[in-house]
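Taking it in order: structure first as structure tokens, then the write-up.
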Amino acid sequence: MTLFKHVAAIGLAAAMACGAGMGAAKAQTVDEIKSRGTVNIGMLVDFPPFGIVDLNGQPDGYDADVAKLLAQDMGVELNIVPVTGPNRIPYLQSGQVDLLVASLGISPERAEQVDFSQPYAGIEIFVFGDTSVEVADAADLAGKNIGVARASTQDVAVTAIAPEGTNIQRFDDDASAVQALLSGQVPLIGVSNVVIAQIQATAPDRFDEKFSLRQQVQGIAVRKGSEALLAYVDDFVARHKADGSLNTIHEKWLQAPLPDFIAQSGQ
């Protein structure tokens, strides 16, 4: 299961955005979900290993396992709703999903639209590229080409630190940026440690990490005003950090322990 094999799955998720209207929905409660007997959780299916589609066409990955654990904790059935990066917050706001376990990075801008739990996962963004290219810090980007996924966290991070003379090439998604790196179209990209692991498995010894841009923490999102639901989810995350369940899921999908900056957050 590689990044490249699952990019096509975004088409299925995007098609679902054409369904129900996008009017605002009221705040959600735990009791409403429990009385219904089903929780609808929005999840990306194009961001391995957090979100993928398995061989049977079903959502899978780190976020899927966290969603399953949350539904089990609530004592309800799980309905995973595939979402895309652009439509995941509108799906939540319009009531098409109850929560998002969708690799959603916590940011001040997003916190104006949704309420976030304490972090349940996280990634680190790096400048990454050809081993022959010497780049030790932001100043070394001057005069160089670097690719990023358009409007992504890495796009924002690279744009913020790039000196005059840096040529930032923006691609539609991570897969396109990676293909540009592999083909030699760009010598550097801004990319997460998750995607780096995929690249290193595909093309070992050709590329290396240059320097870290930022750490991004990801939260489970609920609709604004859903205080009781948010408190429940915060407690869920804290309990399953403490009992090791989230670490077990992380090791299963990322072959590494839950990062310290996530494991220790919220304590």
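So which GluC sites (Glu not before Pro) in the stretch 78-134 end up in coil per DSSP with only 13 or fewer other C-beta atoms within 10 Å?
Qualifying residues, ordered by number: Glu112, Glu134.
Could you state the orientation-averaged shadow area of the convex hull built on the Cα atoms of the stretch 42-104, in nm² to one decimal?
In nm², the orientation-averaged hull projection of the stretch 42-104 is 4.1.
Under a cut-off of 14 Å between alpha-carbon atoms, report the aspartates and glutamates in cross-link reach of Lys210, not counting same-chain residues fewer than 8 places apart.
Filter leaves Glu124, Asp130, Glu134, Asp137, Asp140.
Defining a contact as two alpha carbons under 8 Å apart and six or more residues distant in sequence, what relative contact order in percent does the chain show?
Over the chain, the number comes to 24 percent.
Any idea how far the Cα center of the stretch 143-182 sits from the one of the stretch 41-57, in Å?
Here the answer is 24 Å between Cα centres.
Just name one of Val195, Phe171, Ser183: the one whose Cα is farthest towards the positive end of the charge dipole of the stretch 123-216 (beta-carbon charges, Lys/Arg +1, Asp/Glu -1).
Projecting each Cα onto the dipole axis, the largest value belongs to Phe171.
By the scheme Lys and Arg +1, Asp and Glu -1, what is the net charge of all other residues having a beta-carbon under 13 Å from that of Val135?
Spelling it out: positives minus negatives among the neighbours equals -4.
If you take every residue apart from Arg150 with its C-beta less than 11 Å away from the C-beta of Arg150, what net charge results, scoring Lys and Arg +1 and Asp and Glu -1?
Around Arg150, the surrounding residues sum to -3.
Work through the residues other than Trp253 whose Cβ is under 11 Å from its Cβ and net out their charges, Lys, Arg +1 and Asp, Glu -1.
Charge balance near Trp253 sits at -3.
FYI, it's all coordinate maths here, none of it is from the lab. All values derive from a computational prediction rather than experimental measurement. Don't worry about glycine lacking a Cβ; one is built from the backbone with ideal geometry, like all the others, and counts go over all protein chains shown.
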